[in-house]
1. I'd like to know if segment 24-34 contains one or more residues that are surrounded by fewer than 20 Cβ atoms within 10 Å (Cβ to Cβ), at pLDDT 95 or above and in a helix (DSSP H, G or I).
2. Could you check T215 against (1) within 20 Å of A161 (Cα to Cα); (2) under 21 Å from the mean Cα position of the chain (by Cα); (3) among the hydroxyl-bearing types (S, T, Y) and say which number it fails?
3. S268 versus (1) touching a Pro at 6+ places or on another chain (Cβ under 9 Å); (2) crowded, with 20+ Cβ neighbours inside 10 Å; (3) not assigned by TED's automatic domain parsing to the domain that holds V39: which is the lone unmet condition?
4. Identify the residue in segment 378-402 that is aliphatic (A, V, I, L, M) and closer than 20 Å to A229 by Cβ and, among all such residues, is surrounded by the fewest Cβ atoms within 10 Å (Cβ to Cβ).
5. Is there a residue in segment 410-424 that is at pLDDT 95 or above, surrounded by fewer than 18 Cβ atoms within 10 Å (Cβ to Cβ), in a helix (DSSP H, G or I) and in the same structural domain as D456 (by TED's automatic domain parsing)?
6. Restricting to segment 225-243, name every residue that is of a type in the set (A, V, I, L, M), out of contact with any helix residue (DSSP H, G or I) (no Cβ under 8 Å at 6 or more places or on another chain) and more than 20 Å from T404 (Cβ to Cβ).
Amino acid sequence: MHLFRCVCLLACIAAAGARAEETRLLFPPASPPAAMVDVVDLRDAAPELRLAATTLQGVINAGDEASLFLLLSQSDLFWRDRMLERGHLRGVRTLTADEFFTSRAAAFDRVYVYDPALPATINIGTMLASLRRGIVTTAELAPRLAPGKPVEDLRGWWKCAAEAYEWAFAELWPKMNPRVLACLYPDPKMSGLRDYLVRQRVFTFWITDKEKDATAAERERVLAEKVMAAAPPNVPVLGFWYSGPDSGINEYDGVGLAGEYGKITVVSDWVSNCSLLSGVKVDFAPLAKAQRARSETPPPDLDPARVYIAFNVVESGDAPSYLETRQTEVWADPKRGSVPIGWGLGLCAAELMPPVVEYYLQSATSNDRLFAAISGAGYTHPFRNFMARTPNPDAAWKDYLHVTAGLMDRLDFAELGLYTDSWKPHDRAAREPVLRRFAEEIPQAALLMPGMGRDDELTAANATYPLGGTRDTMVSHILTRWPTDYAALTKEKQIDWLVKEIQENTPPERPAFLQAMALSWAYGPSDIAEVARQLGHDYVPVSLPQYAALWRKARK
């Protein structure tokens with residue numbers, strides 16, 4: 001009997017280990033919300049005060065329970081109310097900034113004063129605060145916020161940013177969490193992510209724009225590469241690669257460089273409260289199953305004289321920053337649901353901010369089809385030397401696809417967007433090995449959607465095809481672009497531009513099939529509905545699963 005029990009126990013342990021491996025997390029675990037959470041309104045506060053508050057928030061929420069939520073923008077009000085409605089927050093207590101710092105004085109031990117002449121010290125101070133229960137602020141604010149606390153003044157410690165980051169790598173890296181990194185512009189105005197950086201002990205760097213200072217950019221890049229090489233593959237990089245007046249390394253170079261080291265960009269420079277949001281437990285299974293069922297309505301009868309068009313918001317949804325802020329405004333558009341739209345949603349947000357993903361799953365209509373955004377577990381360029389500088393590229397690739405498959409399974413997504421290479425010439429033969437990696441390792445992905453806008457040499461005739469093999473995964477490239485000067489155009493001209501772009505890329509043969517991109521910053525549901533109206537009776541907007549079913553039927 002004892003032997004039988006031991007065998008059963010070992011089997012249970014092995015099964016639990018297998019399940020843990022199957023559901024490997026991308027981000028480190030976080031503390032659940034406390035029964036009573038303090039809410040502090042800092043929407044009108046000075047940036048330096050917000051910096052102090054967010055770093056203290058990280059210290060506080062690193063305890064057994066997360067007990068602090070900050071209002072840094074209007075969207076934070078939305079999420080506070082949403083979490084109260086869902087029961088994720090059981091009780092809240094509103095405090096002023098002064099009441100907050102006074103009541104939480106015992107939560108932190110010291111103050112780090114950053115050097116305004118060397119903004120990199122904001123990132124250094126954030127790392128120090130994460131290790132030594134500190135907050136980061138200015139010399140002027142320190143006496144008011146932390147009377148009697150030890151002050152460590154970082155002014156004058158280093159001659160340049162690269163020197164500061166090199167010191168941090170030598171002295172702090174061994175104590176930081178190697179499972180997550182951050183590239184964040186050091187500015188007090190960009191403080192919303194810092195609670196998470198402190199809570200999770202995240203090594204944080206920045207790379208200067210080479211047009212601003214080539215020498216500094218090169219030295220800082222070398223340091224960043226050392227950090228990325230030191231961390232294991234398939235680690236997220238929070239923040240973003242450019243921002244503000246110091247545009248940084250730029251998006252294309254940053255995402256590509258990170259990917260070579262097996263690092264996954266998670267656009268989160270403008271998020272807030274992730275130290276609390278990431279600890280909220282959400283049962284996605286019933287919500288995901290219901291959302292998928294709602295959005296899988298039968299396709300219309302195939303009409304050989306029509307053009308079937310799938311409207312997709314491909315980019316931005318991969319960014320937790322976007323999902324937490326602007327997407328809430330887009331989602332409130334009264335026309336949402338009137339036309340089928342595919343919405344890219346970043347898989348990693350399910351771990352970083354579960355209540356946010358819960359909201360979109362729960363409130364999606366039958367005409368809102370959520371799919372995995374570019375390019376899987378996070379924002380990567382899989383066709384550009386992805387994993388090339390990792391110790392074992394094949395193993396790193398396999399792990400990335402494994403994590404992506406697990407997250408797609410968790411959210412019950414069946415379509416996956418993939419970044420190709422910035423509208424460069426389409427080369428199917430060169431890209432097919434990568435497409436097959438995704439198709440073979442991610443059984444959930446019935447449809448692969450390459451492109452963030454139409455690549456050169458792509459037409460409706462060669463943009464959609466089956467990969468063959470046992471799963472016969474379908475590939476359908478995006479066939480429209482967006483106006484590069486969209487911000488300068490009136491709404492009418494933006495709509496007119498997309499209508500013409502669709503018409504010019506529609507082939508004369510019928511039935512025709514077209515995947516169209518609607519740039520998130522230019523086109524909301526009302527605009528897409530107007531585009532569909534102007535296209536007229538010949539064009540039939542369909543959802544992604546309807547598009548795939550109709551294309552396969554027409555092909556037969």
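The values are calculated or read from the model by the stated rules, or taken from the named source; none is laboratory data. Computed from a predicted structure; not experimentally measured. Cβ atoms come from the backbone with ideal geometry, glycine included; neighbour counts cover every protein chain shown.
1. There is no residue in segment 24-34 that is surrounded by fewer than 20 Cβ atoms within 10 Å (Cβ to Cβ), at pLDDT 95 or above and in a helix (DSSP H, G or I).
2. (2)
3. Tallying (1) touching a Pro at 6+ places or on another chain (Cβ under 9 Å); (2) crowded, with 20+ Cβ neighbours inside 10 Å; (3) not assigned by TED's automatic domain parsing to the domain that holds V39, S268 fails exactly one: (3).
4. If we take residues in segment 378-402 being aliphatic (A, V, I, L, M) and closer than 20 Å to A229 by Cβ, then A388 is surrounded by the fewest Cβ atoms within 10 Å (Cβ to Cβ).
5. Yes, that holds for at least one residue.
6. A229
Results for (1) acidic (D, E); (2) over 24 Å from E48 (Cβ atoms), shown as yes or no for each residue.
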residue: N177; (1), (2): no, yes
residue: L181; (1), (2): no, yes
residue: D187; (1), (2): yes, no
residue: G192; (1), (2): no, no
residue: V198; (1), (2): no, no
residue: R201; (1), (2): no, no
residue: F205; (1), (2): no, no
residue: K210; (1), (2): no, yes
residue: A214; (1), (2): no, yes
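Yes/no matrix, rows are residues, columns are (1) free of Cβ contacts under 8 Å to residues at least 40 places away in the same chain; (2) crowded, with 24+ Cβ neighbours inside 10 Å; (3) closer than 23 Å to A319 by Cβ; (4) not assigned by TED's automatic domain parsing to the domain that holds L56:
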site: T126; (1), (2), (3), (4): no, yes, yes, no
site: A129; (1), (2), (3), (4): no, yes, no, no
site: I135; (1), (2), (3), (4): no, yes, no, no
site: V151; (1), (2), (3), (4): no, no, no, no
site: A170; (1), (2), (3), (4): yes, no, no, no
site: L181; (1), (2), (3), (4): no, yes, yes, no
site: S191; (1), (2), (3), (4): no, yes, yes, no
site: E225; (1), (2), (3), (4): yes, no, no, no
site: P232; (1), (2), (3), (4): no, no, no, no
